[in-house]
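Report on the structure given below.
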Amino acid sequence: MVVPRVVEGECGICLLGFLVDVTGGSAREYTAAEKKLYETRYDYQRWVWCKHYCGTNYHRVCMDRWIMVSGFMYPKCPTCTRFWLY
């Protein structure tokens, strides 16, 4: 299985930083405590990554929307276009 890349920069779907919580329909900056915590750990509740090939990270909410909007029976990673593994 492919491991996630280092979490830095922006989500390739929404273009917001990874330390922004996009759940709940609006964007909220992580608190100082959350930022400190997730500097060294992966937030499995809020982030997902391409487990098939490239390891690119996305906000979980963004990837869920991507899959729903794409309409594909077998969704693909927005970066490498390989089939998305859940």
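Every number here is computed from the coordinates shown, using simple stated rules; none is lab data. In this text, all values refer to a predicted model and were calculated from it rather than measured experimentally. Backbone-built Cβ (ideal geometry, glycine too); neighbour counts: all protein chains shown.
Dividing the C-alpha radius of gyration of the chain by 2.2 N^0.38 Å, with N its residue count, gives 1.07. Over all other residues within a Cβ to Cβ distance under 14 Å of Pro75, the charged ones net out to +4, with Lys and Arg as +1 and Asp and Glu as -1. The charge dipole of the chain, taken about the Cα centre with unit charges on the Cβ atoms of Lys, Arg (+1) and Asp, Glu (-1), comes to about 260 debye, rounded to the nearest 20. Extension gain for the segment Thr40 to Tyr53, taken as residue separation times 0.36 nm less the Cα-Cα distance, is 2.4 nm to one decimal. Neighbour counts of other Cβ atoms within 10 Å put His52, His59 in the fewest-to-most order His52, His59. Put simply, the amide H of Leu16, placed in the peptide plane, has neighbours under 5 Å in Cys11, leaving out anything fewer than 5 places away on its chain. The calculated 222 nm mean residue ellipticity attributable to helices in the chain amounts to -6000 deg cm²/dmol, summing -39500 (n - 2.57) over DSSP H runs of n ≥ 4 and dividing by all residues.
Scalar couplings 3J(HN,Hα) for the range 74-86, obtained by applying the Karplus form with A = 6.51, B = -1.76, C = 1.60 to θ = phi - 60°, are 10, x, 10, 5, x, 8, 9, 6, 7, 4, 6, 9, 8 Hz; x denotes Gly and Pro. Using a cutoff of 8 angstrom between alpha carbon atoms and counting only pairs six or more residues apart, the relative contact order for the chain works out to 31 percent.
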